[in-house]
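Participant: Structure in structure tokens, see below.
The values are calculated or read from the model by the stated rules, or taken from the named source; none is laboratory data. In this text the structure is predicted, and so the values were computed from the model without any measurement. In this analysis, Cβ positions are derived from the backbone assuming ideal geometry, glycine residues included, and neighbour counts consider all displayed protein chains.
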């Protein structure tokens with residue numbers, strides 16, 4: 001059962017990344033439409049795309065958190081594949097504990113990212 005959960009998470013994550021990066025799905029930013037400000041996620045798809053093409057300066061320009069988040073996603077997927085072979089869910093547990101422990105720091109980073117995105121006008 002643990003393997004099935006990991007496989008489903010990886011499959012849906014990879015499918016979403018593929019669809020988002022390949023512009024198969026379009027996203028509408030609610031914050032941008034309602035309040036005319038950019039959210040912390042604005043520019044992440046373009047930042048991921050630039051990171052995939054090793055254009056790190058452009059990736060940093062689109063969203064300051066793009067490169068660290070991209071690396072985190074890639075590492076999480078790699079470790080989840082390892083978990084599949086070991087029939088465990090340590091990666092998911094680690095991610096949940098990390099989010100719980102550092103939730104205030106993560107919120108502050110997201111707010112800082114939103115401020116930077118709006119100052120630079122991405």
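Participant: Out of 5, 57, I need the residue that is surrounded by fewer than 13 Cβ atoms within 10 Å (Cβ to Cβ) and at pLDDT 75 or above. Which one?
Facilitator: On the way: 5 fails: surrounded by fewer than 13 Cβ atoms within 10 Å (Cβ to Cβ).
Testing whether each residue is surrounded by fewer than 13 Cβ atoms within 10 Å (Cβ to Cβ) and at pLDDT 75 or above leaves just 57.
Participant: Here's a check for you: in region 77-95, which residue that is closer than 19 Å to residue 16 by Cβ and without any contact (Cβ under 8 Å) to a residue 24 or more places away in the chain is nearest to the chain's Cα centre (by Cα)?
Facilitator: Ranking the candidates gives 95 first.
Participant: Please work out which one of (1) touching a helix residue (DSSP H, G or I) at 6+ places or on another chain (Cβ under 7 Å); (2) over 27 Å from residue 5 (Cβ atoms); (3) in contact (Cβ under 8 Å) with a residue 24 or more places away in the chain is the condition residue 120 fails and give its number.
Facilitator: Result: residue 120 fails condition (1) only.
Participant: Read through the list (1) farther than 30 Å from residue 4 by Cα; (2) more than 14 Å from the chain's Cα centre (by Cα); (3) at pLDDT 85 or above; (4) buried (at least 17 other Cβ atoms within 10 Å of the Cβ), then give the number of the only condition that residue 38 fails.
Facilitator: Tallying (1) farther than 30 Å from residue 4 by Cα; (2) more than 14 Å from the chain's Cα centre (by Cα); (3) at pLDDT 85 or above; (4) buried (at least 17 other Cβ atoms within 10 Å of the Cβ), residue 38 fails exactly one: (3).
Participant: Could you say which residue among 70, 56 is closer than 30 Å to residue 5 by Cβ and touching a helix residue (DSSP H, G or I) at 6+ places or on another chain (Cβ under 7 Å)?
Facilitator: The conditions single out 70.
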